[in-house]
Structures are given as structure tokens and as C-alpha cells.
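Here the structure is laid out as C-alpha cells; the discussion comes afterwards.
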Amino acid sequence: MDLSATDMLRVLSEATTTVTEELTDAALTVHGELPAGIDGLYFRNGPGRFERGGQRYRHPFDGDGHVTRLDIAAGTVRYTNRFVRTKEYLAEERTGRMRYRSFGTNLSGGLLRNLLRLNFKNAANTSVRWHAGRLLALWEGGAPYRLDPATLATLSQEDFDGGLASPFSGISRWLAPLLPFSAHPYIDGETGELTNFGLVSGSPNLLMLYRIGPDGHMDEPRQHPLNRFSFVHDLGVTRRWLCFLLPQADFDMARAMLGLTTAVGSLHIATERPMQVLLLPRQPGSAAPRWLTGPPGFVFHVAQAFDDDQGRLVLDLVRYGRYPELDAIEDLFRDPPAGVAPRLERLLLDPAGERCERLSLGADADNHAFELPVSAPAAAGVPRRILYGIGALPERRAPYLTSIMRLDTETGALSSRDFGLDLVGEPMLVPGTGGDEGWLLSLVFRAHQDRTELVVLRARDLSVQATATLPHALPVGFHGCWVPRSELAPAAGSPDPLDAMER
Ligand SMILES: [Fe+2]
């Protein structure tokens, strides 16, 4: 089914409606057979508030972070939702008006209201992850916020016992006392080690690298200077390497500082030029950094990374031939430019020869949009044969993603389940046992029905096993995590979150 731009824009408008109620532990009615093997918590984050004081955010990444919690056990589902109480959110709640600039939205009132206003809102809206007894709401431009996993109450901004304290001085530290911590931390499924990064603009531009052990202790951050400004959303982690794809980007700092444009309006990504691939050793000092020339385009997400037996690095990623201008989504849908649909593909990187080769993952992968890639939790650097994501049928011209996708990277076989006009959310894998692939959870926005459903699919064939309608419609969100109940142990010194809930 092809869709008109009018259809798509109408549904997107429906799916970006502010959430107006916060519910606690609401029981959902389940239709179908919810497998008993699904026992744990599905957390997901995304923008939940799209206007403040009558002013609407102009970019889909600007809405205030809103986290959902689905507690699934013995065939039942209970639902809790909360906004993340960042300090900016609380200040705007108190005054009822927009007080901070966002990534793609300036304050109304013109130049004078935006001039030199450099304290941007931490939207805390991109992901929510569980690590070492902490539930973290993440946004790549700032520090995370820690949430209570039982109630989703915002506990504090998380600085990892001072590990995220800015080591810089002057205006840099005054503007950002804490370092940025990206929304795509990588957690090694074997060791429990968390690897993450943050980009610090300045002279030089810096890539901050973070390692947090399974005990929750953050090592002193590493710094790696970049030779130019860039924009990175995700990384690849293997046993040996940390891999970053750095597009050729320019940021007009003067225009952004003066408030002449929004931050996103000051950003230009030259997707016609090759990305730089930066390889850094995972263990500090174990190898020299390598710079390789990558393909042109832009990458938000890395699906997986591993080292092959010839010392090369294999990277599966979602590449755009052209940066999607989401602040001009009407133009994007009415006349989608070539290259704006995301494609899953493979890079073969040879650190010794400093070569990068682009490989196809099959004709189906070449012809289908694919985004929000997900794979089974495993040790870092262990190849995953199956990748899941969201996508679209090949005839769809604009990046309007309504299918759950499954790609076998060995055979190139791609299967999908399409939901017509309905917008699907990131498929969250609940691993099965005994070699079973498990299940996928997706929050699906039902077009023209003002409702959102939890849809549970069997991972191996994408058949729908069960659905449960949420008490209210949820905007399409970004990323989340699955936490098996057995992993929801309290952090040292913290009350048991499940006990706290029962009280
Ligand atoms: Fe992302």
C-alpha cells in the first residue's frame, strides 16, 4: 500500500499528541496468548509533550522525555508512565511557559529572547537503560537522569559519583557542569561492562569515552581529540575496538549562539562526502587509533560490530544517503529526496590496511527501509546472525515506518510484518530459552483510532501472539530496554524497588 503525504502527515500529527495523564500500575486487558516465558519489565522512552505555553516544538526530537513501564508476568500486563522531571521540565511546569531553547526550537519572541541563551533543555527523551542497579533516562546532549524502576519517579541527575563532572574550566564548565552521556551506551552481555561516549564541542572538539563496570563504578573518562566538529549518535563495540562513524558536519556556532537559528538549523551535514571512521582501542593503549575513509552519508544507528578472524572489523549499520531533515517533515513526505530512506548494510574495516569496504546484506536489505536495529544481548563482539528493526515496504517512498523487520544476515532473507498505516515502535527482543529466538515487543500507534497497543510477536516468524491496548494513546517513541525480572535486583544501599512498589 502506498500512502499519500496527506495520509502520513495526518497520522504523524495524531501520533505527536501530548500525553496528559500519568498512570500507575494500570492493568491492561490482553488479547491472545501472552507467552508465560515473558517475565520482566519493558521500559521505553520518547517525547511525550510537544508544546509549552501555547508554543509547539518545531522538531520531533524536542518533546519532553516520557517513560513507559510495562510489567509483564504470567500472561498479564501492568502499565505505568511518567515524564522525566529534569530541572528544565520542572522550571517550565512551574511557570507554564517555554524557558529553554531545544535542539530544533528557539524561544518565541525573536532574537532578543534567544541571544546568547546557551543553556539548552535536557529533553531526557531518547532512551531508557538499566545498568548496575540504575535505571537511566538518556539524552545525548547532557547527563542522564536516574529513575526509580518501580515507580518511574525521577530520583536525580546521575553523575556516577562525580565521574561525569566536567574537567574543563571557564564558560564550558559553567554552561555544562556535567559531561554529555550519549543515549546509546553499549552493555557487554557477558561482562556487564558499559561503554559510552559524549561529544564536547570546543577547541579541540573532544570525544569523551566512558567505561562503567558491572558494579556501577565509572572509570575516569578518556578524552580523544577530533580533527573537526562532528555529530555522532551511536557507536560499535567489538572485543578490540570502539568504532565511530563521523560525518562531515559543520556547526555555525556564532549563528546558534546569537540565536539567529536553532541548533539544528546551524548544523549542516555534508552527506555527499565520505564519513570518517575512527577506531579506538577498547582497552586504553592497546593499539593506536586508526582513521579510515568510510562511505558517504549519515548513520544514526549501529546494528552490531564484531572482529573477524583476519583482524578486520565487521560493522552492520543503518546508513542514510542523505540526512533526513525532520524539522521539514512535510517536504520530506511530499517530495522525498533520493537517499533519504535508511538502509541496513555492512562495512568491512581493515585497521591494518586502513581500508573500508561496503558490502550488501542482500537484495532485500538493499530495497527495504530499516531503522532502530535490535539484536540479542550477547558478549561484545559476538556476531548476531539475526537483526530486527522497523521498516517499510519497498514501494513506500518516504521514511514512514510501519513494519517490524527480521533479517538473517547469513542468508540475506528478510521477513516483515506490515501494519498498514499504523506506526510501529522499536521492536524490543525478549530472548527465549533453549535456542528459541524469543519474542518482540513493539508499541504500535493505531492510525485514526487514537490508541496505542503493545503488540507481542514471535521473533522467528513475526506472528502476532498477543496485544494489549494501553489506557491512552502514546506518541511514537525512541528506545528502551527489556529487563528480565531476575535482573531487577536493588543497587547496593538502595531499597528493593519491587518491595517499595508493594508498600
Ligand atoms: Fe538512537
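The values are calculated or read from the model by the stated rules, or taken from the named source; none is laboratory data. From a predicted model like this one, the values you see are computed outputs, not experimental measurements. Cβ: placed from backbone, ideal geometry, glycine included. Neighbour counts: every protein chain shown. Note: areas computed on protein heavy atoms with side chains; ligands, DNA, RNA excluded. Shrake-Rupley method; radii C 1.70, N 1.55, O 1.52, S 1.80 Å.
Brief remarks follow.
- Judged by the ratio a/c of the largest to the smallest principal axis of the C-alpha gyration tensor, segment 109-256 counts as oblate, that ratio being 1.5 or greater while a/b is no larger than b/c.
- Shape category assigned to segment 167-325 from the gyration tensor of Cα positions, a/c cut at 1.5: oblate
- Working ranking of peptides 214-220, 402-408 by packing, defined as the average number of other Cβ atoms within 10 Å per residue, highest first, is 402-408, 214-220.
- Note on exposure: THR238, THR191, THR411 ranked by accessible area (1.4 Å probe, complete protein assembly) read THR411, THR191, THR238, with the most exposed listed first.
- Rounded percent of accessible protein surface that carbon and sulfur make up, the chain, 1.4 Å probe: 49 percent
- Dipole size of the chain about its Cα centre, with +1 on Lys/Arg Cβ and -1 on Asp/Glu Cβ: approximately 1340 debye, rounded to the nearest 20.
- Calculated [θ] (222 nm, deg cm²/dmol) that DSSP helices of n ≥ 4 give over the chain, each run adding -39,500 (n - 2.57): -2500 deg cm²/dmol
- DSSP-defined antiparallel bridges as percent of all bridges, the chain, nearest 5: 100 percent
- Gyration tensor verdict on the chain (Cα atoms; rounded if a/c is under 1.5, prolate if a/b is larger than b/c, oblate otherwise): rounded
- The residues of the chain expose, per residue, 40 Å² of accessible area to a 1.4 Å probe.
- Dipole of the chain [Lys/Arg +1, Asp/Glu -1 at C-beta], most positive-end residue of SER403, LEU152, GLY63: GLY63
- Relative contact order (%) - the chain, alpha-carbon pairs under 8 angstrom, separation at least six: 15 percent
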